[in-house]
1. What distance in nm separates the two pseudo spin-label positions at residue C:25 and residue B:64, each 7 Å out from Cα along the beta-carbon direction?
2. Using a Förster distance of 56 Å, how high is the FRET efficiency between residue C:71 and residue A:228, based on the Cβ-Cβ distance and rounded to 0.05?
3. Between Rg and the Kirkwood Rh of region A:44-86, both from Cα atoms, what is the Rg to Rh ratio?
4. In nm, to one decimal, how far is the residue B:46 label point from the residue B:82 one, both placed 7 Å along Cα→Cβ?
5. So how far, in whole Å, is the C-alpha centre of region C:94-130 from the one of region B:1-62?
6. P(r) of the protein assembly as shown in 20 Å steps, Cα pairs, percent per bin?
7. Cut-off is 10 Å between beta-carbons; in what order do A:282, B:111, A:210 appear when sorted fewest neighbours first?
8. At a Förster radius of 56 Å, what calculated FRET efficiency corresponds to the Cβ-Cβ distance of residue C:104 and residue C:327, to the nearest 0.05?
């Protein structure tokens, strides 16, 4: 088992034919990416499609050429090492199982190729099969398996080699809702048990938040933030990360700071909503300062009768059983509020808004960078 | 290093393609040249000759060529029209409905194309004589269905299958009757396949030789059969033969050029399920 | 006038009975939800109301009139299909205008333009009118499909999982948007979904459908707080409700719930109405239902807390779910995002029993719950 170190990694595609959908005119698919994954850690590469996460994974695997930069698996520089010598396990989105072999042989294929003895192969397959719940499938042919079953076999095939590094690229993408959640739990328990260093690519932030010890958020080939789920959720470094993590996403609104008596208030165009600026920002803001303010729906609160919050009209009220969601128009944007309070409202009712000061974030209007106190 | 490798292979590829193109097109070019050559200069191997329009004159104006040409149009065109009128509804039925032995019937229709014409033409000759439709337009159009219908049904069925049945439901709910749905919604969507299949069917029908040879005589003579007339008993008028052949190829070539863009798309689109 | 009624409707496909004696009564202008898992028969119901399919038995009525023999075109319904069913060879404008150009509902071009523009603005697609469906994203196609339905004034809107093929972010946003424009509908609507959030948020009343039968009909709150059986209880809510098997024991006037003989025994908080219902039901073996938000945890041992181990910890957006394991039982509870914990570590779990529901362990049917009277009062209030 080894750690993974990526230093200043770049990737540029030679032929223009390979441009991805979302790519900006800037040439680099991966742009100066550096990160370090400790031995036994589970990290996720998260970002929208076309952001360069799969490209990074493929360069780590050796399936793509590295334009510039270095990749170390453990202590070894592997830039020019053939994939088969990198001691990695691959579980990729497209299952690519060998159709003429049954599940047992598919899983064992790699070990056979390496000349492992029959007894050893059998021992390892029987060891791994129950972890992924594929014991009943061992003598079936790939064509008879469901999507979920194929995916489990895929993962079994990757980990049976006891690789130093396990690389997974959206292995659950073809599964639906409940199955996906169940498989996610199983993967987490499995990885926890075999304690394999894992790099997991996904565009689903729930997956990253649930599975990873640390998440690397990437946009347009550039690393935005590399931190634990708690860090990226509570302490995002910029607007992109703040709005990418969390569902429903963080409310982010353009605001102008106005001072009134001795306090500062966030004011918004097209609305008479006023929210008091938390104390900790008092040194950073001044009257007329324009920026963006972000606050998660769970941190917007309904004030009680003597609250000092501005009264606002409810635009949408959704009762979802476990929680209630209220939408309020602020200019063009719908501010979302989630609460567990039982009171039922109707569109048109007036409520007072407050926010949890310590959970409010400020972002630069132009760069989107977080403004810290 | 990659770049120059790419260049070399590109030159090589293009070179091979040019050679193949010359190989394929040369006979056709030669044939067109022959149409302008007088019989006396027929066997010169160089391309130096005095072009003449005598052959065209002979064939087009002094013989019955035009009649033969029209016969071909009636028979091939008629066959395709009948195939469309009967084939499109058949394709719709195969695509939308489920009935006993559906796939067997579908395969049987396709199998008509497998049988070599020469195999079936003798029994057909006797049947046609008995029915009295030997040497008639009706008879040829009918037998041509063996050539044109299977392909049409197969391609158009694929197109119908690709159209989600929900679109028909949506149109019903919107207030359209079945006929309107067929003409306003379905027909435009199968058009590429229909046109491509119809054109191919037309070409096959136009080129058919065995059927008109055996199943028609003097009143109906498509040009495939009529062209043999130019193999005169005394000598072969190659120039006139060449004219007959060239002019007879024209309709298919013109059609194909007009819709070449749709041809590949039309034939393959229905087959590939997204 | 568009009350929709289904009376004893049965629909078969070969040997499969898709609908089994369905009785349904949707009031005029009601927004009615058909909710249930995949394959339950919801789309079949919609197709039978629209006239795309005809039932083998039973009667479909629209506005009081039996419509079994009437073809779809004449039933005056508008439908949004799960896969949108947009006409691929027409642009967005023509797609939306198509119902108003059919021989039955024909209007002149000027009226059509006004209607299409109104709908396009409402669905926020006015800048897409010239595009073809192949040039639209899923979210845009869905709006066009909705627009095509809304452009008419039909007896009823039928919507078949319109948000199904959108990713989670877009689905949440579209649902909230639909909620906002719902007020403008003014027409009976029947909406099919397998997502309970859509059902609860949008519906005036919900019918739970399973295997071709209607299991329960009620408002969102009624079904959420008083599900008629365990199946319904598990459908509503994410994460799923906890169903804890155990035994009830009565000692004098108190009830005790035993999860694990000798280890976990809890005294139930007293409530007269509940205890009476429990007694009437004469059941000893019950499943105690407790929603995840009513289970508290601690990483330190605490008095009265049950010792479990952490089975999993997963984010669900703005909060996370911890699944704790006690022997064979898995217990779900809510936690904030970003808690530091290790799988299989100890966790101590406390049940807020004053929110429990009770089900028969064998029949899986609902017995009663705490504060039933309060819930019923809330519901009465809502009906006004």
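Values in this text are rule-based calculations from the coordinates and carry no lab data. None of the values given here were measured: they were computed from a predicted structure. Here the Cβ is made from the backbone with ideal geometry for all residues, glycine too, and neighbour counts use every protein chain on show.
1. 8.3
2. On the way: r = 61 Å, r/R0 = 1.09.
Efficiency computed from Cβ-Cβ geometry: 0.35.
3. On the way: Rg = 10.9 Å, Rh = 11.1 Å.
Taking Rg over the Kirkwood Rh, I get 0.99.
4. 5.4
5. Spelled out, the Cα-based centre of one part sits 57 Å from the other.
6. Taking all Cα pairs of the protein assembly as shown, the binned fractions are 10, 30, 34, 18, 7, 1, 0 percent.
7. With the sparsest Cβ surroundings first, the list reads B:111, A:282, A:210.
8. On the way: r = 64 Å, r/R0 = 1.15.
Computed FRET efficiency for residue C:104 and residue C:327 comes out at 0.30.
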